[in-house]
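Asker: Dropping a structure here in C-alpha cells format, bear with me for questions.
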Amino acid sequence: MENQESKINRRKFLEKSATGTLAAAVFTASSPAIAFSSFSKNKKRVALVGTGSRGSGMWGRQIVEDYSDVAEMVGLYDINKKRAEYAKTYMKTDANIFPDFEKMIKETRPDYVIVATVDSHHWEYAVRAMEMGCDVISEKPVATDEKQCQAIWDAHKKTGKKVIVGFNARHNPRRIEMKELLMADKIGKIISVDFLEYLNVYHGASYFRRWHAYKKNSGTLLVHKSTHHFDQINWWLEADPVEVTAYGQLGHYGKNSDFRGEKCRTCPHKDSCSFYWDITQYEHYMKLYVNCEDVDGYFRDACVFRKDIDIYDAMSVIVKYNNGVQLTYSLNAFLPFEGPAVAFNGTEGRLEKTFEPGEWEKDYSEYRLTMNFEQPQTFKVKRRTGGHGGADIGIKNMIFRGIGDDPYKLHADLRAGIMSAITGIAAYRSIETGKPVKIADLINLT
Ligand SMILES: NC(=O)c1ccc[n+]([C@@H]2O[C@H](COP(=O)([O-])OP(=O)(O)OC[C@H]3O[C@@H](n4cnc5c(N)ncnc54)[C@H](O)[C@@H]3O)[C@@H](O)[C@H]2O)c1
C-alpha cells in the first residue's frame, strides 16, 4: 500500500507538473521504478522451453550475459531441436538441450521454468512444471482459451507453485508514469477509459506473416497482443473485467488481396507487393528460422495474404469493470503509423497520453491533463532506453534481483495473467457468438 508521504509527494508533483515544467525532472531516464531490497545470494536455476526469438534473446542470451550472478541456465527444450541447437550457440550457454520436457525437469531440477513457446502451448508446460515442483515464468499470454486458463489456475491452487507472467509492458516507464499519475487521484472518480492501439503496416503486418495469424496458436491478437493492454487497464484501474462485448473483422490481410504467394522468398509478386519482406537480410533470423524449416515446415516470412488466416486485423471491444468503469478499446493492425492513445475520463478531468506521429524519435513523452472548466496542461516525461522502452530489463530485474517494495504494483501474478487473457478470450467469444460474454461464465478463480 502506498503511504501518506508518497501520496503527498505525488500531489506536489502533479500540482507542479500542471505548469508543464517539473515533470521531466521527476521522472528521469535513470530513476528506478523499484527499490531493490536485496540481491539474491543463491543463483536461481532456470530451464527454458521455447528457444525462439523471445526465448533465446530476452530470456536466454540476456540472462546468460547480464544475470549470471543471480541465475543459471540449466536446460533447454524446444519442439524444433535444430532451433534449440542454434539458440544454445546464440545464448552462449553450457546448458544441455533435452529431447523432452519432463526429462529436462527431472534431470536439472530448476527453480523456474521459463515458458516462451507459441502461445497456445504455454499452459501445458506451466501446468506440468508446477506439478513437477517448479515455479513458472510464463510469457504472455498465459493461455489462449478459457479451458487452458482454468487448468493452469487449478494446477496453481493444487500445487501452491507460482506463475509470474511476462507483462514487461507494465515496466515501460510510460506505463509506470501513467500508474503514478492515476495513483495521485487527480481526475476524481474514473468513469470511463479510451484505449486505442494502432499497429502499423510493418509491425502490424508481422503478426500476419507468423504463427500468430492462426487463432489456434495465438487466440487472435485480442489475446496475443491485447493481453498487454487489458493487463495495463486492470492494473491501472485495480479492477476486474466483468462483461465483454466485441466486434472483429479481417479487412486488410488474409483473403483481402487478389494476389498472394506462399512466402516472400519465393513469391512471384515480390517486386510489386508492398508487404514484401526479405528475411535473407537478417542473419539471426536465417539461422533461427530458415535453417530450421526442414524440421517443422514453419516459414517466418509467410505471405500476409494467405487465404486461411483466421485472426482479425480490426477489433472493437467494450469492457465493463467491477468498479463500474467502462472501457472502449480498439486494435487496428494495418495503419500508416503506430502507438497507443490512452485516456482516463474522471469526474474532475481527463488524463491522456495521445500518440503523435514522429514521437518515437523524441527522448520524452507528452501527457495532457485537462481539469474540468480549465485549459489543457501538457507536460513532458523523459524516456528510458533498452528493449521495449526499458521494460524488458525492468521485469528481469524484478524477477531475478528482487521486487523490493513494488510501490507501483508491477509484479504480475497468475491471477493478473488470467484476468487479462480472459478479457481477450471473452472478446473473441463475443465476436463468435454475437453476444456479450460474462467473465464469470468462462472462469472460476476460487
Ligand atoms: N512480452 C513481450 O513483449 C513478448 C515479445 C515477443 C514475444 N513474446 C512471447 O514469447 C513467446 C514466443 O514468441 P517468439 O516471438 O519467440 O516466437 P518464435 O516463433 O520465435 O518462438 C516460438 C518457439 O516455440 C517453439 N514451440 C512451438 N510449439 C512448441 C511446443 N509445443 N513445445 C515446445 N516448443 C514449441 C517453436 O519451435 C519456437 O522455437 C510467445 O508466447 C510470445 O507471445 C512476448
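Asker: What ³J(HN,Hα) values, in whole Hz, does the Karplus curve 6.51 cos²θ - 1.76 cosθ + 1.60 give for the range 69-76 when θ = phi - 60°, with x put for Gly and Pro?
Answerer: Values, residue by residue: 6, 10, 9, 10, 6, 10, x, 10 Hz.
Asker: Let me ask another. What are the lysines whose alpha-carbon lies under 25 Å from the alpha-carbon of residue 189, with same-chain residues fewer than 8 places away excluded?
Answerer: Hits, sequence-local ones excluded: 7, 12, 16, 179, 320, 353, 380, 409, 438.
Asker: Same structure again: Going highest first, how would you order 431-439, 165-173, 75-83, 186-194 by mean Cβ packing within 10 Å?
Answerer: Highest-to-lowest ranking by the protection proxy: 165-173, 75-83, 186-194, 431-439.
Asker: Determine, for each peptide in 88-99, 341-352, the mean count of other beta carbons within 10 angstrom over its residues, then list the peptides with the highest first. Before the final figure, lay out the partial values.
Answerer: Working: 88-99: 16.5, 341-352: 18.1.
Per-residue mean Cβ counts within 10 Å order the peptides as 341-352, 88-99.
Asker: A further question on this structure: Using a Förster radius of 56 Å, what is the FRET efficiency between residue 42 and residue 266 based on their Cβ-Cβ separation? Nearest 0.05, please. Provide the component values of the computation, followed by the final result.
Answerer: Numbers: r = 51 Å, r/R0 = 0.91.
Working from the Cβ atoms, E equals 0.65.
Asker: Positive end of the dipole of the range 192-335, charges at C-beta (+1 Lys, Arg; -1 Asp, Glu), about the Cα centre: which of 316, 218, 330 has its Cα farthest in that direction?
Answerer: My answer, from the dipole projection, is 218.
Asker: Let me ask something additional. When only alpha-carbon atoms are used, what values of Rg and Dmax, in angstrom, describe the range 44-168?
Answerer: My reading of the Cα-based Rg and Dmax gives 13.3, 38 Å.
Asker: Going by C-beta contacts inside 10 Å, put 366, 177 in order with the fewest on the left.
Answerer: Neighbour counts put them in this order, fewest first: 366, 177.
Asker: Determine which lysines satisfy two conditions relative to residue 82: a Cα distance under 17 Å, and not lying fewer than 8 residues away in the same chain.
Answerer: 92, 287
Asker: Need the list of aspartates and glutamates near residue 435 for cross-linking: C-alpha distance under 14 angstrom, and skip anything on the same chain fewer than eight residues off.
Answerer: 243
Asker: Suppose every K and R has +1 on its Cβ and every D and E has -1 on its Cβ; what is the size of the dipole of the range 75-213 about the Cα centre, in Debye to the nearest 20?
Answerer: 180 debye
Asker: Here is a further query. Within the chain, what percent of beta bridges assigned by DSSP are antiparallel, to the nearest 5? Kindly include the intermediate steps, with their values, before the conclusion.
Answerer: Numbers: 40 of 67 bridges.
Bridges in the chain that DSSP calls antiparallel: roughly 60 percent.
Asker: Report ³J(HN,Hα) in whole Hz for each residue of the range 236-247, in order, from the Karplus equation J = 6.51 cos²θ - 1.76 cosθ + 1.60 where θ = phi - 60°; Gly and Pro get x.
Answerer: Coupling constants for the range 236-247: 4, 7, 6, 9, 10, x, 10, 8, 10, 10, 8, 10 Hz.
Here, each number is a calculation from the coordinates, and none is a lab measurement. As the structure is a prediction and not an experimental result, all values here were calculated from the model. Every residue, glycine among them, receives a Cβ derived from its backbone with ideal geometry; neighbour counts consider all protein chains shown.
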